[in-house]
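The values are calculated or read from the model by the stated rules, or taken from the named source; none is laboratory data. Quick caveat, the model's predicted, so the values are computed rather than measured. Neighbour counts run over all protein chains shown; Cβ positions are idealised from the backbone, glycine included.
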Amino acid sequence: MSRAYNFCAGPATLPEPVLRQARDEMLDWRGTGMSVMEMSHRSDEFVEIAETAEQDLRELAGISDDYTVLFMQGGASSQFATIPLNLLGENGRADYVNTGIWSEKAIAEASRYGDIQVAASSEASGFTTVPLQETWNTRPDAAYLHYTPNETIGGLEYDFIPESGNVPLVADMSSTMLSRPLDVSRFGLIYAGAQKNIGPSGLVVVIIRKDLLGKARSETPTMMNYQVIAENGSMYNTPATYSWYLAGLVFKWLKEQGGVDAMAAVNRRKATKLYEFIDGNDFYANPIDPRFRSWMNVPFTLADDALNGTFLKGADERGLLNLKGHRSVGGMRASIYNAMPEAGVDALIDYMAGFAKEHG
Ligand SMILES: *Cc1c(COP(=O)(O)O)cnc(C)c1O
């Protein structure tokens with residue numbers, strides 16, 4: 001069996017040791033005679049799996065007891081509505097920063113529920129940069145300030161945490177969670193769809209400061225009410241048990257790698273060498289302001305779009321998969337999350353260099 005290098009933006013590649021362990025435990029989890037998939041979520045065994053996963057995540061991300069960790073369903077997109085329903089409160093105002101397609105989706109959904117203001121936008125630049133915070137027009141009475149630290153489609157990543165004063169900061173960390181150290185105490189709420197850096201799709205991890213619980217509007221669906229989900233240990237209904245288990249295996253793997261500090265060193269190295277190669281070669285280009293280039297998602301174009309098909313075909317033949325850029329952006333995109341080995345990035349650069357030589 002040979003594993004390809006999968007550069008998909010999400011669902012994304014998972015660490016091979018995690019998949020092997022899941023395979024080994026598939027039919028009989030530790031002598032229980034059943035798969036994790038078949039276990040009652042109320043069983044001692046599953047409760048242990050769930051609690052261990054949360055504990056490991058708390059350790060990895062440095063999450064204090066001031067925060068509740070929720071394992072919810074519906075992906076990051078369902079949080080676009082869940083957040084305003086829970087946090088908008090009486091005055092119904094929130095500010096959002098628009099840096100790309102995921103910000104836009106969050107803004108559009110929240111706008112259905114309240115007075116949503118775009119405090120800053122880099123749309124005029126084609127979302128190639130992050131608006132500097134001095135230019136943000138935020139409201140001190142907003143219920144929260146939302147931003148997207150890593151725009152997965154554009155390949156744009158903040159290199160700072162916004163200052164939000166007393167206004168709770170809310171971040172969609174779907175494609176950057178656990179890729180580098182993070183000061184969780186700066187945030188009111190962090191959410192992350194799992195399929196980039198955490199596990200299988202469908203699961204979404206929500207880290208919420210406890211004082212923000214219990215503020216949901218009365219019409220909030222029960223399944224979207226953070227307070228209810230928190231009180232029930234994320235088991236108000238049947239949780240996504242197998243995804244939760246797999247996320248737990250990923251957390252264990254991350255700890256074995258040395259945690260987020262060690263991951264950050266590798267991620268920086270992987271991204272730097274790919275950007276340096278792109279910048280140093282006339283055949284390839286990346287449009288993003290170098291200061292805000294993503295460590296996780298690296299879009300690039302070829303000198304001639306007519307070669308895109310040939311490039312992708314040759315990449316496929318070498319087991320370098322899913323390099324096609326998002327349909328809204330075109331070109332290529334290499335997603336190089338935690339689970340992408342450095343050898344995968346080396347293989348990609350090697351292929352890109354040969355291709356440029358042949359077609360440049
Ligand atoms: C992938 C992604 C989403 C959407 O995640 P779903 O789980 O498909 O809803 C939202 N925000 C960002 C930043 C993403 O990368």
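So here's what we get for this one:
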item	result
Members of segment 166-183 that are assigned to a loop (DSSP other than H, G, I, E, B), of a type outside the set (A, V, I, L, M, F, W, C), farther than 13 Å from residue 262 by Cα and within 16 Å of the ligand (Cβ to nearest atom)	174, 175, 176
Some residue of segment 162-176 being hydrophobic (A, V, I, L, M, F, W, C) and more than 22 Å from residue 113 (Cβ to Cβ)	no
Qualifying residue in segment 269-277 (condition: modelled with pLDDT of 95 or more, of a type in the set (A, V, I, L, M) and in contact with a Lys or Arg (Cβ under 9 Å, 6 or more places away or on another chain))	yes
Close pairs from segment 145-158: first more than 11 Å from the ligand (Cβ to nearest atom), partner among the acidic types (Asp, Glu), Cβ under 8 Å, at least 6 apart	145/95; 146/95; 146/172
Flag for residue 252 being over 30 Å from residue 70 (Cα atoms), surrounded by 14 or more Cβ atoms within 10 Å (Cβ to Cβ) and touching an Asp or Glu at 6+ places or on another chain (Cβ under 7 Å)	no
Residue among 343, 315 that alone is closer than 22 Å to residue 18 by Cβ and part of a helix (DSSP H, G or I)	343
Filter pass, residue 353 being buried (at least 21 other Cβ atoms within 10 Å of the Cβ) and either among the small types (Gly, Ala, Ser) or out of contact with any strand residue (DSSP E or B) (no Cβ under 8 Å at 6 or more places or on another chain) (or both)	no
Number of the condition not met by residue 86 [criteria: (1) touching a residue at least 12 places away in the same chain (Cβ under 8 Å); (2) more than 30 Å from residue 144 (Cα to Cα); (3) in a helix (DSSP H, G or I)]	(2)
Every residue from segment 16-49 that is closer than 27 Å to residue 340 by Cβ and aliphatic (A, V, I, L, M)	18, 19, 22, 26, 36, 37, 49
